[in-house]
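Just below is one structure, and these are the notes that go with it.
All of the numbers you see were taken from the coordinates with simple rules; none came from a lab. What you see is a predicted model; the values in this text were computed from it and never measured. No Cβ is skipped: glycine too gets one built from the backbone with ideal geometry, and neighbour counts run over all protein chains shown.
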Amino acid sequence: MKKKIALIFGVTGQDGAYLSRFLLKKGYTVHGVKRRSSSLNTQRIDHIYQDPYSKKRNFILHYGDVTDTLSVSTIVKKIKPDEIYNLAAQSHVAVSFEVPEYTGNADAIGALRILESIKFHGLEKKTKFYQAGTSEMFGKVLQVPQNELTSFNPKSPYGVAKVYAHWITVNYREAYNIFASNGILFNHESPLRGETFVTKKVVKALCNIKFGKQKKLFVGNLNAKRDWGHAEDYVQAMWKMLQFKRPDDFVICTGKQYSIRDFIKMVSKVLGMKLRWTGKGINEKAFDENNRCIVECRKKYFRPAEVDTLIGDASKAKKLLKWKPKHNIHSLIKDMISYELDIHKNDK
Ligand code: NAP
Ligand code: G4F
């Protein structure tokens, strides 16, 4: 049987790394698009070259950028993939307030550029397209829990850009019959999560504090609530969407939510650290057993507009895609902590 070919935009990111491994194990040839960077940006995928699954040169990287029409079009034309996964994005919500125009260009028009390339090169019948949509599109939520029928109400330049990408994907599906599906994925984390997202920041900082390498963790809004899953489970859902009999939109989530404070408490408990909390709002603090203040709030980590609460309902994906996550919040935290502890061990 002919090997399937996948093309991943955003291959160097958290999900790009998990998805590459997943597809290689399924026997795909995987092409990935990476940006030129002055410092290394392939740490998350470097290990794949040593992986037995990628020995036959079935993992190939190309330079490109979703803000550059010609590079997108050239790569799509050259590879003519069976499946394209658009994971490329300026994915940090807080940063999107600082670079709103770039975020719109990459996250909204980037999706359009890929869809246009599929159409322009006559690949409508061959190439399936996955768009990395987000629960951030629900913003100030209009329904609890959020599902595929919940209206979008985004509260950040990132959320607004992703809403455009969502609807342009639906539009190209309807207008040109492209097999184009939207995943609406709630927060998903892993040891490979970017270091400025709150889960990784908390796990890393508390491990550092435990080993005396950091004094304090500074955070923003402790009251925000998120529905956190594991990236390993979520990339499987992306693939399942493109194997389904028709293109469609699917919410992927756990259906459970925790506040940032809850998350800090869970991590510190696993690390055997007892925290005592005092104060409210920006003055809230946590102290350790030795009465040292180890968690404090800083104004700079609050956002101009916040998404207070997200909790999803993945019934549709569970029923139609038979998607079954194997992780829960506890195994996610365990996985993230053991990765950090290994780093500390190796440092010794
Ligand atoms: P991530 O770790 O930030 O990875 C984003 C990837 O996009 C990186 O490979 C990055 O390259 C690349 N990229 C950024 N701008 C680009 C551009 N202009 N051209 C080409 N590539 C570009 O994000 P992630 O957590 O893996 O998420 C993957 C996708 O799912 C993103 O689109 C994100 O918005 C979306 N999403 C994520 C979550 C979540 O909780 N993780 C939830 C819902 C949706 P560099 O390595 O060079 O920066
Ligand atoms: O970890 P976060 O930065 O993730 P956020 O904003 O929910 O976005 C992530 O999930 C989205 C899915 O809904 C993705 F689409 C998006 O690409 C990204 O992966 O922040 C989570 C919450 C926020 O409410 C934030 O205000 O944590 C709060 N928070 C409190 N202190 C903090 C901090 N967030 C960060 N990044 N850093 C803090 O110190």
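What the table below lists for this structure:
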item: Beta bridges per DSSP with both ends in region 102-260, % antiparallel, nearest 5; result: 15
item: All aspartates and glutamates inside 14 Å of Lys80 as judged from Cα atoms, apart from same-chain residues fewer than 8 positions distant; result: Glu116, Glu124
item: Count of lysine pairs in region 175-264 with Cα separation under 15 Å (8 or more residues apart, or interchain); result: 9
item: Distance (nanometres) between label positions extended 7 Å along Cα→Cβ at Asp308 and Lys215; result: 3.5
item: Of Lys26/Lys125; Lys322/Lys345; Lys3/Lys162; Lys155/Lys280, those spanning more than 30 Å from alpha-carbon to alpha-carbon; result: Lys322/Lys345; Lys3/Lys162
item: Proximal aspartates and glutamates relative to Lys4, as straight alpha-carbon distance under 15 Å, when same-chain residues fewer than 8 apart are discounted; result: Asp82, Glu83
item: Alpha-carbon centroid distance for the pair region 7-35 / region 266-320, whole angstrom; result: 31
item: Hits among aspartates and glutamates - C-alpha to C-alpha of Lys300 under 18 Å, sequence gap 8 or more where chains match; result: Glu98, Glu195, Glu284, Asp308
item: For the chain, calculated [θ]222 nm from helices alone, where every DSSP H run of n ≥ 4 adds -39500 (n - 2.57); result: -11500 deg cm²/dmol
item: Global form of region 1-121, assessed from the alpha-carbon gyration tensor, a/c cut-off 1.5; result: oblate
